[in-house]
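Everything on this sheet refers to the single structure shown next.
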Amino acid sequence: MENIALNLLLNDPELSPALKAIAHKVQSRERISMEEGVYLYEHAELGYLGVLANFIRESKHGDDTFFNRNFHIEPTNLCVYDCKFCSYSRMIRQKEEGWESTVEKMMQKLREYDGEPVTEVHLTGGVVPKQNLDFYASFFRAAKAHRPDLHIKALTPVEYFYIFKKAKLSHYDGMKYLKEAGLDSMPGGGAEIFHPEIREQIAHDKCNAEQWLDIHEQAHKLGMRSNATMLYGHIEAYWHRVDHMERLRQLQDKTGGFQAFIPLKFRNQNNQMSHVPEVSVIEDLRNYAIARIYLDNFDHIKAYWAMISRQTAQLSLNFGVDDIDGTLDDTTKIYSMAGAEEQTPGMSTQELVELIKQVRRRPIERDTLYNVVTDYTNVEFESDKKPSYYKLPVIN
C-alpha cells in the first residue's frame, strides 16, 4: 500500500541527501548501517523519524497493538550486585530492607490467580546464593504441576550467569535443565548498555555483554524465545546505543529467537545516579523510532505505559511501538521506586483497550508468543462492571 507520508518526505526538497538516502533504504526494506544509525540520532528530527518508524510498524503489524495479561512474582529484592542505576534491589548488607521468598510462598502467590484469565507468570528480582538452580527448578516443576497451561517467563542472564556458575554448568546445560523443569521463555532484562566503557561504570560486577548474549543464544538453540532491553538516557553516547542494537541485530540474524525489543528509560530517583538528569519525552520517542528503524529483524518494539505515562505510550504507537505491555497494579515496584510516571500503576483491560482505540489502533490481547487471545476491536464492555486488575511485570 502506498504510504503518503513517506512519499511526501522523499519529495521534500529541503531534506538532506543523507537523510533521503536512509529514507529510501527504509522504503526498500534495506538495512541501515551503524554509521547511519548514529547519523539518525545526531541529525534526524522527530517528525522524520516518526514517518519512517510508522511505515515499518504498519508494514509489519498494520494498526494492531498488543498487550497481555500476566502476573509477576519477585523472588527477592536482595542482590549480590551493585548496579548504580537500580532503585529496587538492596545489597545483602541491607537485609533488613529486603525479602527472600521460599518456593512455597511463590506457589501461594501463583495460586492467587487460579481461575483468572492470565496466560503467563513472570519472575525476576535480585540475585542471592540461596535461590540457586534447584530452587528455581523446584518452583518451575511445582508451577507446571499446578497449572500446566501457564507460560513461565523467568529470570534474566544476570540471574542465570550466577546460578549456572555456582552449579558448575555451561550456559547450554543450565538452560536445558531449567527448560526440562518447566521454563518456557526469558525476559529481556539485564542488558543495560553492552559496551564495556559504559557497562563498567553502571553495572561493573554483573555478567558482561558476551555472557548476556550467549545465554540468550543457548536459550534460542533450545527453542525458547526471549526479549531484549536497552537502558538509555543516562551517561551513554548515541553510538553506545547503536553498538548495543547492532549486537542484538547480529544475534537475531543468527538465531531468530528474539521477539521484542524494549527500550527502558533511565529514571533517577532513589539510586546512585540521581545526579544524572532524565531525557525528555521527545528523546523517548526518537529512541523508539530509531530502534524500530535499526532493528529490522525484530518483530516487535515494546513500550511500558507505566514507565513513560499513558499519554506518551499513546504517542509511541506512531513512532514504531506496537506493544504497550498490559494492565498492572502497584505490587511491582521496579519502576515506581525509580520515579516512573505512574507511582501506583493500575489499568483495567477496558481502560487499556480504550487507550489504544483513542489513537485509532486495534487492541489485541496476546499470549507470550504473540498468539492472539482476543481481538478487542469490536468488543463492547459492560459499563457498570467493576474492572479487574491483573498483576503484571514492569520489566519484560
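The values are calculated or read from the model by the stated rules, or taken from the named source; none is laboratory data. No experiment lies behind these values; they were computed from the predicted model shown. Glycine also receives a Cβ, built like all others from the backbone with ideal geometry; neighbour counts cover every protein chain displayed. Please note that ligands, DNA and RNA were not included when accessible areas were found on the heavy atoms of the full protein model with its side chains. Shrake-Rupley method; radii C 1.70, N 1.55, O 1.52, S 1.80 Å.
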### Query
Within region 26-48, how many residues turn out to be assigned to a loop (DSSP other than H, G, I, E, B), more than 12 Å from TYR294 (Cα to Cα) and either without any contact (Cβ under 8 Å) to a residue 40 or more places away in the chain or of a type outside the set (Gly, Ala, Ser) (or both)?
2
### Query
Only one of these conditions is not met by GLU159: (1) at pLDDT below 95; (2) assigned to a loop (DSSP other than H, G, I, E, B); (3) under 23 Å from SER101 (Cβ atoms). Which number is it?
(2)
### Restricting region 8-29 to residues that are exposed (fewer than 12 other Cβ atoms within 10 Å of the Cβ) and of a type outside the set (Lys, Arg), the residue that is nearest to ASN297 (Cα to Cα)
SER28
### Test set (1) open to solvent by less than 30 Å² (accessible area, probe 1.4 Å); (2) modelled with pLDDT of 95 or more; (3) touching a helix residue (DSSP H, G or I) at 6+ places or on another chain (Cβ under 9 Å) - LYS144 fails condition number
(1)
### Task
Return the total of residues in region 313-362 being at pLDDT below 90, of a type outside the set (Ser, Thr, Tyr) and assigned to a helix (DSSP H, G or I).
5
### Query
Which residue pairs have Cβ atoms closer than 6 Å, lie 6 or more positions apart in sequence or on different chains, and pair a first residue in region 7-24 that is acidic (Asp, Glu) with a second residue that is open to solvent by 50 Å² or more (accessible area, probe 1.4 Å)?
none
#### Entry: Criterion violated by TRP212 - all others in (1) more than 21 Å from LEU123 (Cα to Cα); (2) outside any loop (DSSP other than H, G, I, E, B) satisfied
(1)
### Message
Among the residues of region 190-207, what is the count of those that are in a loop (DSSP other than H, G, I, E, B) and in contact with a helix residue (DSSP H, G or I) (Cβ under 7 Å, 6 or more places away or on another chain)?
### Response
8
### Message
Of the residues PRO129, PRO117, PRO75, only one is modelled with pLDDT under 95, on the phi < 0 side of the Ramachandran plot and surrounded by 23 or more Cβ atoms within 10 Å (Cβ to Cβ); which?
### Response
PRO75
### Task
List every residue pair whose Cβ atoms sit under 6 Å apart, with the two residues 6 or more apart in sequence or on different chains, where the first one lies in region 277-295 and is closer than 12 Å to ARG57 by Cα and touching a residue at least 60 places away in the same chain (Cβ under 8 Å) and the second, anywhere, is of a type outside the set (Ser, Thr, Tyr) and part of a loop (DSSP other than H, G, I, E, B).
TYR288/PHE319; TYR288/GLY320; TYR288/VAL321; ALA289/PHE319; ALA289/GLY320; ARG292/GLY320
### Task
Run down HIS244, HIS300 and say which single residue is open to solvent by 10 Å² or more (accessible area, probe 1.4 Å) and under 26 Å from THR124 (Cα atoms).
HIS300
### Message
With the structure loaded, tell me whether ILE282 is closer than 19 Å to ASN318 by Cβ, assigned to a helix (DSSP H, G or I) and open to solvent by 20 Å² or more (accessible area, probe 1.4 Å) or whether it fails that test.
### Response
yes
### Query
Of all residues in region 185-205, which are in contact (Cβ under 8 Å) with a residue 60 or more places away in the chain, under 22 Å from GLU217 (Cβ atoms) and either among the hydrophobic types (A, V, I, L, M, F, W, C) or open to solvent by 50 Å² or more (accessible area, probe 1.4 Å) (or both)?
ALA203
### Task
Scan TYR160, TYR172 and give me the residue that is hydroxyl-bearing (Ser, Thr, Tyr), surrounded by 16 or more Cβ atoms within 10 Å (Cβ to Cβ) and more than 26 Å from ASP325 (Cβ to Cβ).
TYR172
### Query
Of the conditions (1) modelled with pLDDT under 95; (2) open to solvent by 30 Å² or more (accessible area, probe 1.4 Å), CYS83 fails just one. Which one is it?
(2)
### Task
Looking at (1) within 22 Å of ALA228 (Cα to Cα); (2) modelled with pLDDT of 75 or more; (3) open to solvent by 10 Å² or more (accessible area, probe 1.4 Å), find the lone condition where VAL379 falls short.
(1)
### Task
Please state which one of ALA23, ALA5, ALA18 is of a type outside the set (S, T, N, Q), assigned to a helix (DSSP H, G or I) and modelled with pLDDT under 95.
ALA5
### Task
Report yes if some residue within region 223-231 is assigned to a helix (DSSP H, G or I) and open to solvent by less than 10 Å² (accessible area, probe 1.4 Å); otherwise report no.
no
### Query
Looking only at region 240-270, which residues are more than 21 Å from GLU197 (Cβ to Cβ) and within 13 Å of the chain's Cα centre (by Cα)?
PHE258, GLN259, ALA260, PHE261, ILE262
#### Entry: So ASN54, is it farther than 30 Å from HIS146 by Cα, modelled with pLDDT of 90 or more and loosely packed, with under 14 Cβ neighbours inside 10 Å
no
